[in-house]
Amino acid sequence: MRVAVVLFTRDLRIHDNPALAAAARAAERVVPLFVHDPALPAPRFLASALADLQSSLRRLGADLVERRGDPASEAVKVARAVGAEGLGLAEDVSRYAKHRLARLTDACAAERIALRTFPGVTIVPPGSLRPAGGDHYKVFTPYWRAWQAVKLRDVERAPRSLRLPDDLPASWTRDRALSGPAGETAARRQLTSWLRHASDYEEIHDNLAADRTSRLSPYLHYGCLSPRELVSRTESVEPFVRQLCWRDFYHQVLDAFPDLRRKPYRPGATDAWKDDRTAFEAWKAGQTGIPIVDAGMRQLLAEGWMHNRARLITASFLTKHLGVDWRLGADHFYDLLLDGDVANNYGNWQWVAGTGNDTKPYRRFNPIRQAERFDPTGDYVRRYMPELADLPGKAIHQPWLVPGSRGYPAPLTLPEDVGRSTQG
Ligand SMILES: Cc1cc2nc3c(=O)[nH]c(=O)nc-3n(C[C@H](O)[C@H](O)[C@H](O)COP(=O)(O)OP(=O)(O)OC[C@H]3O[C@@H](n4cnc5c(N)ncnc54)[C@H](O)[C@@H]3O)c2cc1C
């Protein structure tokens, strides 16, 4: 093939990028393309990931072509302009991604451009593992068992070099400023440094103050790191690989149930939630009066990221204690999280709310017991709650038991079995 276009979407990397590797093998000239869809948010993280991708592509001898508009029509316009015979992209599962692919399929067919999709967003492609009599796995443990037996595709190397077509319009590329490591480069560094102490992941990953999870989720979301390559580099840390499998699990759930963002996944699950805006605003602001919940919410506001244990506690408190609609909480997370991901965010929210894939949908986390277990020294709360920092040890988890005013609200509600005081 003379010319091929690679449409980058959620695979902003050169290592183990099957669409890019195939184009580099099959075509004499390759056009790496990213289309900015004005309908989608454009966070700073994405801009820096694109800057890093551009710098890697330039090192290989190519560049990043950037267009703005509807991704399907822009991609086909570019393909037509460079005389491309083929267009490749990574297959993805959200409703948005499926519409994009449907439009691309029609437009490519009309222009006689060969369209090919590739794996790479997940480790095991959604839909490729099916239980007997079903189109997807509804429960994690059997999925994990089946997933572990899959023979994975080989990890692709980064291309050695790439050549753009001659006479590409200069306005199609632009110099992106790159200050410090970002995108794929930062992801690979982060992985290398985290791998040094990954062996204690199982013991420590739930300890909130230790903050020792990989923090790779934003990079995985934008595909700056290939989840397939990540598995090959972390094989010995099975509890970590299991978490990566959760990611695949929710992607195959979303693939089969495109309404995951809005409709309860579990047939018969309750859909009767309160629309208590006062409670919801207090929860968003980290002002519920339950320190572990407020610390999590303030971490989200400050960093655009939250520890997984805190996500579980805060989501459970909103839905199971305050009775507020999971969709409100999930949308708030989705807007603020750097790793905000349709499959993982809404899948996890539905799990916690009891409308999703949890086999024990009525469980609810007691935030005080969770705090005492996963933040036994109180240091996680102390990090995000300066007004409580003078409370010693785990007393910080129940400030209402310690006399004195701290400008901190009384709890909106308390789990039934915790100590109460008249001091407020
Ligand atoms: C209410 C709620 C909302 C969430 N929303 C998101 C989201 O929008 N995007 C997102 O990537 N994760 C989400 N998660 C899952 C999890 O909290 C994050 O993936 C994790 O905290 C990211 O930190 P890390 O990379 O250090 O994780 P690590 O512990 O280092 O795990 C490595 C990777 O495994 C995957 N992973 C870990 N736990 C889960 C899980 N429970 N479900 C799916 N994948 C998982 C992630 O890709 C993560 O980066 C959510 C969890 C809950 C309870």
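Here are a few things to note about the model shown:
- Residue that is nearest to A186 (Cα to Cα) [pool: residues in segment 50-80 that are out of contact with any strand residue (DSSP E or B) (no Cβ under 8 Å at 6 or more places or on another chain) and in contact (Cβ under 8 Å) with a residue 60 or more places away in the chain]: D52
- Screening S226 with (1) within 13 Å of the ligand (Cβ to nearest atom); (2) more than 18 Å from the chain's Cα centre (by Cα) gives one miss only, at (2).
- Residue in segment 192-207 that is nearest to F8 (Cα to Cα), counting only those that are among the charged types (D, E, K, R) and not in a helix (DSSP H, G or I): R196
- Selection from segment 208-239 of residues that are part of a helix (DSSP H, G or I), closer than 21 Å to R13 by Cβ and not aliphatic (A, V, I, L, M): S217, P218, Y219, H221, P227, R228, E229, S232, R233, T234
- Unique match (being surrounded by fewer than 18 Cβ atoms within 10 Å (Cβ to Cβ), touching a residue at least 60 places away in the same chain (Cβ under 8 Å) and in a helix (DSSP H, G or I)) among R189, R242, R247: R242
- Residues in segment 307-334 that are closer than 16 Å to P43 by Cβ and either under 12 Å from the mean Cα position of the chain (by Cα) or near the ligand (Cβ under 7 Å from one of its atoms) (or both): F333, Y334.
- Complete set of residues in segment 284-298 that are under 23 Å from D206 (Cα atoms) and in a loop (DSSP other than H, G, I, E, B): G286, T288, G289, I290
- Test: residue in segment 117-138 that is closer than 19 Å to E28 by Cα and either out of contact with any Lys or Arg (no Cβ under 8 Å at 6 or more places or on another chain) or modelled with pLDDT under 95 (or both): no
- When segment 1-11 is filtered for residues that are surrounded by fewer than 24 Cβ atoms within 10 Å (Cβ to Cβ) and either outside the structural domain of D63 (by TED's automatic domain parsing) or of a type in the set (A, V, I, L, M) (or both), the ones remaining, listed by number, are M1, V3.
- Qualifying residue in segment 265-281 (condition: modelled with pLDDT of 95 or more, surrounded by 22 or more Cβ atoms within 10 Å (Cβ to Cβ) and part of a helix (DSSP H, G or I)): no
- Among the residues making up segment 24-41, those that are touching a Lys or Arg at 6+ places or on another chain (Cβ under 9 Å) and not β-branched (V, I, T) are A24, A27, E28, R29, L33, F34, H36, D37, P38.
- Elements of type strands (runs of 3 or more DSSP E) in segment 1-107, at least 3 residues being within 18 Å of D167 (Cα to Cα) and not polar (S, T, N, Q): 3-8, 29-36, 65-68
- Yes/no for A182 being more than 13 Å from the ligand (Cβ to nearest atom), under 20 Å from the mean Cα position of the chain (by Cα) and within 17 Å of F45 (Cα to Cα): yes
- Any chance T413 is within 16 Å of the ligand (Cβ to nearest atom) and over 20 Å from H205 (Cα atoms): no
- Hits in segment 144-184 (condition: touching a residue at least 24 places away in the same chain (Cβ under 8 Å), of a type in the set (D, E, K, R) and part of a helix (DSSP H, G or I)): E184
- Qualifying residue in segment 238-256 (condition: under 15 Å from the mean Cα position of the chain (by Cα), on the phi > 0 side of the Ramachandran plot, more than 11 Å from the ligand (Cβ to nearest atom) and not acidic (D, E)): no
- Pairs where the first residue, in segment 195-220, is over 16 Å from R242 (Cα atoms) and of a type in the set (D, E) and the second is near the ligand (Cβ under 8 Å from one of its atoms) and modelled with pLDDT of 95 or more, C-beta under 9 Å, 6+ apart: D211/H307
- Here the helices (runs of 4 or more DSSP H) wholly within segment 309-412 that include at least 1 residues being at pLDDT 95 or above and of a type in the set (S, T, N, Q) are 347-353, 367-374.
- Hits in segment 192-207 - residues which are surrounded by 16 or more Cβ atoms within 10 Å (Cβ to Cβ) and within 11 Å of the ligand (Cβ to nearest atom): W194, A198, Y201, H205, D206
The values are calculated or read from the model by the stated rules, or taken from the named source; none is laboratory data. All figures in this text were calculated on a predicted structure; none of them were measured in a lab. Glycine gets a Cβ as well: all are built from the backbone with ideal geometry, and neighbour counts include every protein chain shown.
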